[in-house]
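Let me begin by presenting the structure, written as structure tokens, before commenting on it.
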Amino acid sequence: QVQLVESGGGLVQAGGSLRLSCAASGRTLRLYAMGWFRQAPGKEREFVAAINWSGTSTYYADSVKGRFTISRDNAKNTVYLQMTSLKPEDTAVYYCAAEHLGGGSYYPTRYDSWGQGTQVTVSS
């Protein structure tokens with residue numbers, strides 16, 4: 001099983017940018033599609049973005065399309081989420097997740113491994 005550690009969260013003003021990283025260990029990320037999810041207080045975990053193993057296909061929630069970009073560097077065993085034009089409603093704990101031999105899914109139950117999360121807070 002792959003172990004995942006997120007980093008890059010923090011406090012940013014509305015309109016600002018952050019880049020989250022998800023570093024994997026234990027197995028090569030080439031075996032996994034990757035996803036980013038988020039969970040705000042009192043809300044369910046929701047899909048943000050996903051990418052297939054090679055990086056040739058990406059998927060986004062409508063709420064972040066055009067503002068967030070998911071990418072990966074398999075040589076570094078790392079996945080990224082570049083977030084721009086941040087809004088207060090983007091405030092949440094962001095989790096990365098790995099889907100073994102998958103193509104990238106909107107559903108959290110499809111993912112086998114999860115990181116511990118990183119807090120993103122956007123002030124108005």
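Quick notes on this one:
- Region 81-91, residues that are among the polar types (S, T, N, Q), open to solvent by 50 Å² or more (accessible area, probe 1.4 Å) and either in contact with a His (Cβ under 9 Å, 6 or more places away or on another chain) or more than 19 Å from Ala23 (Cα to Cα) (or both): Ser85
- Scope region 92-115; condition out of contact with any Leu (no Cβ under 8 Å at 6 or more places or on another chain), surrounded by fewer than 16 Cβ atoms within 10 Å (Cβ to Cβ) and under 19 Å from Ala24 (Cβ atoms); matching residues: Gly103, Asp112
- Taking every residue in region 104-115 that is in contact (Cβ under 8 Å) with a residue 40 or more places away in the chain and closer than 15 Å to Val2 by Cβ and pairing it with any residue that is open to solvent by less than 80 Å² (accessible area, probe 1.4 Å) and assigned to a loop (DSSP other than H, G, I, E, B), at least 6 positions away or on another chain, the pairs with Cβ-Cβ distances below 6 Å are Ser113/Val2.
- Tally, over region 8-31, of residues that are open to solvent by less than 60 Å² (accessible area, probe 1.4 Å), at pLDDT 95 or above and not small (Gly, Ala, Ser): 4
- Tabulated pairs, region 41-65, first under 20 Å from Ser113 (Cβ atoms) and open to solvent by 40 Å² or more (accessible area, probe 1.4 Å), second part of a strand (DSSP E or B) and among the aliphatic types (A, V, I, L, M), C-beta under 6 angstrom, 6+ apart or interchain: Trp53/Ala33; Thr58/Ile51; Thr58/Ile70; Tyr59/Ala50
- The strands (runs of 3 or more DSSP E) located wholly in region 15-124 that include 1 or more residues which are acidic (Asp, Glu) occupy 46-51, 68-73, 92-100.
- For Thr78, the conditions (1) among the hydroxyl-bearing types (Ser, Thr, Tyr); (2) touching a strand residue (DSSP E or B) at 6+ places or on another chain (Cβ under 9 Å); (3) exposed (fewer than 15 other Cβ atoms within 10 Å of the Cβ) all hold with the exception of (3).
- Met34 vs. criteria touching a helix residue (DSSP H, G or I) at 6+ places or on another chain (Cβ under 8 Å) and buried (at least 22 other Cβ atoms within 10 Å of the Cβ): no
- Filter pass, Thr69 being open to solvent by 50 Å² or more (accessible area, probe 1.4 Å), free of Cβ contacts under 8 Å to residues at least 12 places away in the same chain and of a type in the set (Ser, Thr, Tyr): no
The values are calculated or read from the model by the stated rules, or taken from the named source; none is laboratory data. All values reported here derive from a predicted model rather than from experimental measurement. Here the Cβ is made from the backbone with ideal geometry for all residues, glycine too, and neighbour counts use every protein chain on show. Protein only, heavy atoms only, side chains kept; ligands, DNA and RNA dropped before computing areas. Shrake-Rupley method; radii C 1.70, N 1.55, O 1.52, S 1.80 Å.
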